Amino acid sequence: MAVKKKMTAMDKVKLARDAKRPHLMDFLRYIASDFEELHGDRLVNDDRGLIAGFATIDKEKVLVLGHHKGVTVEENVEANFGMAQPDGYRKAMRLAKLAEKFHLPIVTFVDTPGAYPGDTAEARGQAEAIAKSLEFFSLLKTPIVVVVTGEGGSGGALAIAVGDRILMMENAVYSVISPEGCAGILWRDGAKAPEAAEALKITAPDLLRLGAIDAIVPEPEGGAQKNHKAAALAVKKAVLAALKELEKIPVDQLIDARYAKFRAMGNFYK
């Protein structure tokens, strides 16, 4: 009987980046009975790198926010390969405020290499939009469930990942920097990315152990790219369980617990 090879952190990175892995619209196809996309930040543009709208998961009405990488080359380019502009984060905040007004929970899907680093994004206040988003979601008076489905890249991911329950798919990764970027800074050698990936502790088991996430969502044999439906249904089950738990908590306690949760991250001397 062949012994199954243990996956390295870099193996997980490659799986998380797999073009055949389910993206936001794939998940919604299987977990939402309806989805009504809403557009625009009411200031500049409608960023296609971050999609938002209202949906029903079973009987649960929610606002869905998620990075959109696209499937075709045209979609990839239109969405900057899932790297959102400031307009995307401002759109997310605009619609999240609407969800709060109507007492609807929010479910976010994180899958991005990072925020778009182009000159247009910088000119329109990329850093300010991300910083404002962190503050905004930390104080939002409605339950928030976050699902890291592929790449959770730096501030571009964290901008919509401040929530009450952070779920992460088994082969997803979540990090402040890519392994290649880390290797380039530390060793000036991108070939050392596998070493950087191990050191960064970017896999779901590592992050669960460190307290940065709350639960791991199992994937089908061979990864989510092998069976989109099974992967989506596993996410659906985890999201509904989290929402059921959070809806029992008074909103003031929810915000206090959310603050305490993120404030405690990185404190290893408890």
**Report entry** Relative exposure of Met169, Met7, judged by other C-beta atoms within 10 Å (fewest first)
**Finding:** Met7, Met169
Query raised in the report: Excluding same-chain residues fewer than 8 positions from Lys69, which aspartates and glutamates have a Cα within less than 14 Å of its Cα?
Result: Asp18, Asp26, Asp47, Glu78, Asp111, Glu151
Query raised in the report: Calculated from DSSP H runs of 4 or more alone, at -39500 (n - 2.57) each and per residue, what is the 222 nm mean residue ellipticity of the chain, nearest 500?
Result: -13000 deg cm²/dmol
Report task. Sort Ile57, Ile202 so that the residue with the fewest other Cβ atoms within 10 Å of its own Cβ comes first and the one with the most comes last. Result -> Ile57, Ile202
Query - Förster radius 30 Å - calculated FRET efficiency between Lys20 and Phe102 (Cβ-Cβ, nearest 0.05) - result: 0.25
Query raised in the report: Which order do peptides 86-96, 135-145, 39-49 fall in by mean Cβ count within 10 Å, highest first?
Result: 86-96, 135-145, 39-49
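Determine the shape class of the range 111-217: with a ≥ b ≥ c the square roots of the Cα gyration tensor eigenvalues, call it rounded for a/c under 1.5, and otherwise prolate if a/b is greater than b/c, oblate otherwise.
oblate
Compute the Cα gyration tensor for the range 11-103, then decide on rounded, prolate or oblate, letting a ≥ b ≥ c be the square roots of its eigenvalues: rounded whenever a/c is under 1.5, prolate when a/b is larger than b/c in the other cases, and oblate in all that remain.
Details: a/c = 2.14, a/b = 1.25, b/c = 1.72.
Oblate, since a/c reaches 1.5 and b/c is not below a/b.
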Report summary line: Going from the fewest other Cβ atoms within 10 Å to the most, one would list Ile51, Ile177 as Ile177, Ile51
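Restricting to Cα pairs below 8 Å that are 6+ residues apart, what does the relative contact order work out to for the range 122-165? Please round to a whole percent.
49
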**Report entry** Of all DSSP beta bridges in the chain, antiparallel share, percent nearest 5
**Finding:** 40
Requested in this report: Output the pairs from Lys132/Lys201; Lys12/Lys244; Lys20/Lys201; Lys14/Lys248; Lys101/Lys201 with a Cα-Cα distance over 32 Å in this structure; if there are none, say none.
Outcome: Lys14/Lys248; Lys101/Lys201
Query raised in the report: Quick one: which of 157-165, 221-229 comes out on top by average Cβ neighbours within 10 Å, and what's the full order, highest first?
Result: 157-165, 221-229
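Quick note: the coordinates plus some simple rules give every number you see, no bench work behind them. The shown structure was predicted, so the numbers you read here are calculated from the model rather than taken from an experiment. Neighbour counts run over all protein chains shown; Cβ positions are idealised from the backbone, glycine included.
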